Amino acid sequence: MVENRSQSYVHGPVARVLHWLIASLILAQFVIGWTMPDVHRDTLPSGEIAWHLSVGAAIVAVMLIRIIWRITHTPKPAELAPALALVSKATHLLLYLLLIVVPLAGWANASARGWMVNLLGIVPYPALASKGSSVGMTLGNIHSVLAWVLLALIALHVAAALFHRFVLRDSVLQRML
Ligand code: HEM
Ligand code: HEM
């Protein structure tokens, strides 16, 4: 039996704007991350690498706002079968976790390379690791690997949204539009 219950709940405008803003920034960040030149010890943070740091700084700022907003504005849970509700909750939690850990690891790696991270060229972010720090350099590798895990999770998330829309034919996708 398909889940065809009428659900009139829609996430608030702020939550929806933050969701699609983050989705667009993350998409751009993947494209930049995989098309920018390889980063070596003597690489300078210019061109696409500078863009990766700027978009990254924006992701950090918007995620901070998003998390505060989410904690202070709990959405009404979608009406789902218990197993699906559990998988959905776990996926969203893991998405949030990676949306925090992946940027922080990238930022720490930038710091270890001696690169400044700032928001819109105006607000400087503190260094998360000292220049040359081996932990900061290792976090660069972790950043690259976890970016793939994040991409896989996003693919699952998008597939789930389309599954709701076209197979279960419920209104879960509409909650975020
Ligand atoms: C969720 C947000 C982010 C995504 C999806 C992302 C994605 C990527 C990808 C795909 C690469 C290339 C990895 C490779 O080819 O091996 C990369 C490299 C890098 N990113 Fe990010 N990034 C994000 C956020 C950030 C942030 C916030 C910063 C710093 C402020 C940052 C700094 C870096 C640096 C320094 C590298 C080079 C790492 C290395 O090669 O050792 N990234 N990122
Ligand atoms: C980079 C891409 C994306 C990321 C990082 C992302 C992340 C998230 C997160 C963390 C949530 C949980 C919201 C909360 O409970 O606070 C969420 C909800 C949602 N996302 Fe995405 N999302 C992305 C792209 C998409 C796309 C492309 C679609 C549609 C095809 C989509 C559809 C939805 C829907 C419908 C919900 C609400 C689910 C519900 O109300 O239970 N997302 N997203």
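The values are calculated or read from the model by the stated rules, or taken from the named source; none is laboratory data. Quick caveat: nothing in here was measured; it's all calculated off a predicted structure. FYI the Cβ positions are ideal-geometry reconstructions off the backbone, even for glycines, and counts take in every protein chain you see. Note: areas computed on protein heavy atoms with side chains; ligands, DNA, RNA excluded. Shrake-Rupley method; radii C 1.70, N 1.55, O 1.52, S 1.80 Å.
Is there a residue being open to solvent by less than 40 Å² (accessible area, probe 1.4 Å) and either more than 9 Å from ligand 2 (Cβ to nearest atom) or farther than 18 Å from Leu97 by Cβ (or both) anywhere in region 149-157? Walk me through it before giving the result.
The initial filter retains those residues of region 149-157 that are open to solvent by less than 40 Å² (accessible area, probe 1.4 Å), namely 150, 153.
Next, only the ones that are either more than 9 Å from ligand 2 (Cβ to nearest atom) or farther than 18 Å from Leu97 by Cβ (or both) stay: none.
Within region 149-157, none of the residues are open to solvent by less than 40 Å² (accessible area, probe 1.4 Å) and either more than 9 Å from ligand 2 (Cβ to nearest atom) or farther than 18 Å from Leu97 by Cβ (or both).
Assuming Leu44 fulfils every condition listed in (1) within 10 Å of ligand 1 (Cβ to nearest atom); (2) not in a helix (DSSP H, G or I) apart from one, which condition is it?
It fails just one condition, (1).
Answer yes if at least one residue in region 68-75 is within 16 Å of ligand 2 (Cβ to nearest atom), β-branched (Val, Ile, Thr), closer than 30 Å to Phe163 by Cβ and surrounded by 14 or more Cβ atoms within 10 Å (Cβ to Cβ), and no otherwise.
The answer is no; no qualifying residue exists.
Quick one: how many residues across region 76-114 are outside any helix (DSSP H, G or I), away from ligand 2 (no atom under 12 Å from the Cβ) and buried (at least 18 other Cβ atoms within 10 Å of the Cβ)? Give the derivation first.
Just the residues of region 76-114 that are outside any helix (DSSP H, G or I), to begin with: 76-81, 113-114.
Now drop any that are not away from ligand 2 (no atom under 12 Å from the Cβ), which leaves 81, 113-114.
Okay, now just the ones that are also buried (at least 18 other Cβ atoms within 10 Å of the Cβ), so 113.
Final tally of qualifying residues: 1.
Taking only pairs six or more apart or across chains, which ones have beta-carbon atoms under 6 Å, a first residue in region 16-45 that is without any contact (Cβ under 8 Å) to a residue 24 or more places away in the chain, and a second residue that is assigned to a helix (DSSP H, G or I) and within 12 Å of ligand 1 (Cβ to nearest atom)?
From region 16-45, the pairs are Ile32/Glu48; Ile32/Trp51; Ile32/His52; Met36/Glu48; Met36/Ile49; Met36/His52.
Could you list, in sequence order, all residues of region 81-114 that are out of contact with any helix residue (DSSP H, G or I) (no Cβ under 7 Å at 6 or more places or on another chain) and more than 22 Å from Leu18 (Cα to Cα)?
Ala81, Pro82, Ala83, Leu84, Ala85, Leu86, Val87, Arg113, Gly114 - these are the residues of region 81-114 that are out of contact with any helix residue (DSSP H, G or I) (no Cβ under 7 Å at 6 or more places or on another chain) and more than 22 Å from Leu18 (Cα to Cα).
How many residues are touching a helix residue (DSSP H, G or I) at 6+ places or on another chain (Cβ under 9 Å) and either in contact (Cβ under 8 Å) with a residue 24 or more places away in the chain or open to solvent by less than 70 Å² (accessible area, probe 1.4 Å) (or both) if we restrict to region 161-174?
Result for region 161-174: 8.
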